[in-house]
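The values are calculated or read from the model by the stated rules, or taken from the named source; none is laboratory data. Computed from a prediction, not measured in an experiment: that's the story for all the values here. Ideal geometry is used to build each Cβ from the backbone, glycine not excepted, and the neighbour counts take in all protein chains shown.
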Amino acid sequence: MDFPDLARLASGHVEARVLQAAVALGIFEALRDRGQPVSAISCSIHGDRRATELLLNALVALGLLKKKGDLFSLTHVASTYLLSDSPKYYGGMVLFESALWDAWRDLPKSIRSGAPVRPPDMYQRHPQETERFILAMGSLVQARGDARVLAGKLDLEKVTDLLDVGSGPGTYPIYFCQRFPSLRATIFELPATAKITERFVQASGVSDRIRLVQGDYRADSIPGNYQMAFLSNIIHAESSEENGRLMAKLYARLDRGGRIVIKDHILDDALTHPPVGAVFSLLMLLTTEAGRCYSFQEVRGWLEGAGFKRVRAVSLPQPLTSSLVIGRKE
């Protein structure tokens, strides 16, 4: 790292806030069909003309808008990822990141106390927070294409019963069922989230092969028997002890020969690489009781302690930032 890198790091929040404000105000939606002058855009978003022009110019500088004469229009990136009806819409994640602004502001407080700065409720207490969180998770996975990548990495042809624990918007089981006609999926999800998951399932075209079960994996039993248990972005929200208990619970639900697939930020033994996982651990400090990102050795320890064999790590290509850990019940 040199001084320009340090300077960019120190001011990174500025560019993030420009993007978050633009999504929240509806700037990209206002430019959906054609180029517009400042006057039309400021009117559309009910903004001050001078202030709107400053924001539009900043968005041009950041590569999110184009400017020709007095007309502003969308770049390819903006039309692909920042229009709400795009199949790769990323705006849900942008708005969720904006909602975390106060939590990140209080990072020093959390470092001193060791406690989260918001209720560690997995966004279950308030319907608006639940919806924003789940839409963000769906937005992120859809924009990156995670489900398509995993469908190519996992051998699902012979899997007839899949369990997805903490599925959120159900992106993975929906995509897998659409791709593999013989697959049935069970989603085990918290009650407040399940209400939103149900909407995605009903609109999927494969709702007849997806069962939604409400429950808390920490306290409740998980029904059924499966050939595969899938957990995406679950273990980082829990303590090592809770994760060990969950692995044992899932081992009991798998058929012999069944697999567990964990998708998460898997760190090296020093817990510093990849950087996205090391930084993400701080978000878990801010928002959970005892969560963080874990190393492959730690995850393997839980799985082998539960009885899983042949535990291995599988790398995933960019732009995905996580990797897989897979174990088998023999």
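Structure notes:
- Annotation for the range 249-261: at least one member residue is more than 30 Å from residue 101 (Cα to Cα) and hydroxyl-bearing (Ser, Thr, Tyr).
- Qualifying residue in the range 219-228 (condition: more than 25 Å from residue 316 (Cβ to Cβ) and charged (D, E, K, R)): yes
- Residue check for residue 50: modelled with pLDDT of 95 or more and farther than 25 Å from residue 99 by Cβ: yes
- Sole exception among (1) closer than 21 Å to residue 134 by Cβ; (2) surrounded by fewer than 15 Cβ atoms within 10 Å (Cβ to Cβ); (3) over 21 Å from the mean Cα position of the chain (by Cα) for residue 255, by number: (1)
- Helices (runs of 4 or more DSSP H) wholly inside the range 72-157 containing at least 1 residues that are touching a Lys or Arg at 6+ places or on another chain (Cβ under 7 Å) and closer than 25 Å to residue 173 by Cβ: 76-81, 91-99, 127-144, 146-153
- Scope the range 309-330; condition closer than 22 Å to residue 140 by Cβ, in contact with a Phe, Trp or Tyr (Cβ under 9 Å, 6 or more places away or on another chain) and part of a loop (DSSP other than H, G, I, E, B); matching residues: 321
- Hits in the range 210-228 - residues which are buried (at least 19 other Cβ atoms within 10 Å of the Cβ) and not in a loop (DSSP other than H, G, I, E, B): 210, 212, 226, 227, 228
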